[in-house]
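The values are calculated or read from the model by the stated rules, or taken from the named source; none is laboratory data. Bear in mind that the values here come from a model prediction, so they are computed numbers and not experimental data. FYI the Cβ positions are ideal-geometry reconstructions off the backbone, even for glycines, and counts take in every protein chain you see. Accessible surface areas use protein heavy atoms only, side chains included; no ligands, DNA or RNA. Shrake-Rupley method; radii C 1.70, N 1.55, O 1.52, S 1.80 Å.
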Amino acid sequence: MRNQRALILVAAVTAVIFVSNILNFTVSTSRFNESYPAVVCPANGDGATSAISLASSKTQIRKGGTSSLTYKSAGSARPQGASQALIVDAPSITPISWQARSGVWAGAVTCLAPASSQWFVGASADITTKGRLIIVNSGLSDAVVDVNVFTENGKQPLRTLNVPSKNYLVIPVDSLAPGDKTLTVNVVPRSGRINSFMIDEQGKGLRALGGDLLNPTTSPSKTVVIPAIPNQGKKAGQGAAPAHVLRVLTPGDVDASVTVELLSADGVFIPVGLNSRSVSAGLVTEFTFSPKISSSAFAVKITSTEPVVAAVESSVAIGGGKDFTWSTAAPELSEFTMAVTGLTPLVVFAGSEINVAVEVTLVNGKSIRKAIKGTDVATWRVPAAARSFTITKVGKQTYAGALVSSVNGYGYFPIAPGSVLTRVEIPDSNIRILNP
């Protein structure tokens, strides 16, 4: 009898423990906040004006460098820029900033969300430069930023800068490496909501030599595609066709072997002298080439044994004057929307098998669809009445960039999103914190 009672007691205790373990559990549900970070468009350079292409006049904007954090409607689908950076809350739509100095130069840049690293391949610090590096802190706290500079003479001493909250710094390019000719600049924020922009403007005495806005890239890579490079060719009475200059940097500690393929409607080939070229680590290297092609635009694909950053400088003629543009690397094309109000860019697609579907929204609210197909290179002119276009379908390993010309000059920008969807976990309150 006693044994039976003991067995019943043990069974009861076991059952209670089992049931309590079953019932004593916590349902953990994580909640997330998804949003597109606001993007920053650069302030006007000295003597320059700018206009921002938006998809709607109701897009929310605010000026940087002020105490106010209140957004308001832009009031126009192409508002004018100002002496302060413009912060745009455009959710999933990427704005474009077009900046020009009347009769001197023009350029375009994608408005971007803050980045953890930005590489600017271009500009010069010699006597001809009038360029500026602009570092914008759109956050609510002071920021610390490292500026790494590379030239043909190697890596320069690190510069660490403090950028006050809701403010910006303008650094003359010739102060980064005085006297050096070929620059590549890497801006790395240690803290803060940082965006950087670079203006490359050249002049000799009172004679303007043109200028451009440099679009940054985020990181070095062993494969770099620069999808849209203007090619004006040889003009009647001109001694030689304008040359293109490829600027390459291997920022690591190991030398690289670089091969450059040129992609155009005339075919794919390696320009003379650009096969397995050695690029010394830490030194900015340039190669000049003049392709004999009939295409008005082409692309280059760079393959390297080590990660590199690169860009191509092209001389162009606008009206009776001269300008230059820096074509920079573009990431692989993805599905997103870009605002182009007031612009009619020539979009150049590069890839072995190009199959892209585009939906264009016009200023009257109507939409049109376009399919772009081709091999190696394909071009598409955005309609003059377009307010935005959306990449709705794209194949793998396809890249795109845009070329824009105006009476003041020539510009380039990569077809890439300025802001991507971020996901932040929302903390959940738990009564057990107060009553363990």
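For the chain, the longest principal axis of the C-alpha atoms and the axis of helix 2-23 are separated by about 30°. Going 7 Å from the Cα of S257 toward and past its Cβ, which residues in region 267-283 have a backbone nitrogen under 16 Å from where you end up? The answer is 273-281, whose backbone nitrogens lie closer than 16 Å to the label point. Within the accessible area of the chain, the carbon and sulfur atoms contribute 53%, probe 1.4 Å, all protein chains present. For region 287-341, the spherically averaged projection of the C-alpha convex hull amounts to 6.7 nm². Counted residue by residue at 0.36 nm each, then reduced by the alpha carbon distance between them, the extension gain from K373 to T49 reaches 113.0 nm. Packing here is the average count of other Cβ atoms within 10 Å per residue, and on that basis the peptides 114-121, 288-295, 322-329, 78-85, highest first, run 322-329, 114-121, 78-85, 288-295. In a reduced charge model with +1 at each Lys and Arg Cβ and -1 at each Asp and Glu Cβ, region 146-251 shows a dipole moment near 140 debye about its Cα centre. Along region 277-293 the Karplus relation, 6.51 cos²θ - 1.76 cosθ + 1.60 evaluated at θ = phi - 60°, assigns HN-Hα couplings of 8, 7, 10, 5, 4, x, 10, 6, 10, 10, 10, 9, 8, 9, x, 9, 10 Hz to successive residues, with x for each Gly and Pro. Using heavy atoms of the protein chains and a probe of 1.4 Å, the accessible area assigned to D376 is about 40 Å². Once the chain from S294 to D146 is taken as fully extended at 0.36 nm per residue, the excess over their C-alpha distance is 48.9 nm.
Each of S57 and S191 was given a label point 7 Å from its Cα along the Cα-to-Cβ line. The distance between the two points is 4.4 nm.
Across region 81-109, the residues whose backbone nitrogen lies under 16 Å from the label position 7 Å along the beta-carbon direction of T66 are 81-89. The relative contact order of the chain comes to 18 percent, based on Cα pairs under 8 Å that sit 6 or more residues apart. Summarising the amide proton neighbourhood of S165: residues at separation of 5 or more, or on other chains, whose placed amide H is nearer than 5 Å comprise D142, A143.
Normalising the average separation of contacting C-alpha pairs (under 8 angstrom, six or more residues apart) by the number of residues puts the relative contact order of region 268-347 at 16 percent.
Across region 124-165, Cα pairs under 8 Å and at least six residues apart give a relative contact order of 39 percent.
State the label only: which of (1) 97, 35, 22; (2) 47, 26, 25; (3) 38, 27, 22 corresponds to semi-axes √(5λ) of the Cα gyration tensor in Å computed from the shown model? So the structure-derived entry is (2).
Could you size up the charge dipole of region 206-349 around its Cα centre, putting +1 on the beta carbon of Lys and Arg and -1 on that of Asp and Glu, and report it in debye to the nearest 20? Walk me through the numbers before you get to the answer.
Details: 9 positive and 11 negative charges, 110 e Å.
Dipole of region 206-349, to the nearest 20 debye: 520 debye.
Of the residues I302, I87, I171, the one that moves most in a GNM of the chain with alpha-carbon contacts below 10 Å is I171.
The residue list G273, T341, L283 was ranked by how far each Cα lies along the charge dipole of region 267-376 toward its positive end, using unit charges on Cβ atoms, and T341 comes out on top. Counted over region 204-327 with a bin width of 10 Å, the fraction of Cα pairs per bin, in whole percents, is 12, 42, 32, 12, 1. Charged side chains reduced to their Cβ positions (Lys and Arg at +1, Asp and Glu at -1) give the chain a dipole of some 1140 debye around its Cα centre. The calculated FRET efficiency for the pair R207 and N162, based on their C-beta separation and a Förster distance of 45 Å, comes to about 0.75. Alpha carbon centre of region 87-119 versus region 244-267: separation in Å? Using only Cα atoms to place each centre, the spacing works out to 25 Å. Applied to region 168-175, the Karplus parametrisation 6.51 cos²θ - 1.76 cosθ + 1.60 on θ = phi - 60° returns per-residue 3J(HN,Hα) values of 8, 10, 10, 10, x, 4, 5, 8 Hz, with x for Gly and Pro. With viscosity 1.306 mPa s and temperature 10 °C, the Kirkwood radius over alpha carbon pairs of region 335-387 converts through Stokes-Einstein to a diffusion coefficient of 135 µm²/s.
Dipole of the chain computed with +1 at Lys/Arg Cβ and -1 at Asp/Glu Cβ about the Cα centre; of A208, Q156, T70, farthest Cα towards the positive end is T70. Select from T379, T66, T390 the residue whose mean-square fluctuation is largest in a Gaussian network model of the chain (Cα-Cα springs shorter than 10 Å). Highest fluctuation of the listed residues: T66. Rounded to the nearest whole Hz, the Karplus-based 3J(HN,Hα) values (6.51 cos²θ - 1.76 cosθ + 1.60, θ = phi - 60°) of region 364-378 follow the sequence 8, x, 6, 10, 10, 10, 9, 10, 10, 10, x, 10, 6, 9, 9, with x at glycine and proline. Distance distribution note for region 292-409: the fraction of Cα pairs above 25 angstrom is 29%.
Solvent-free Debye calculation, one equal scatterer per alpha-carbon of region 140-248: log10 I(q)/I(0) at 0.12, 0.18, 0.21 Å⁻¹ equals -0.59, -1.14, -1.36.
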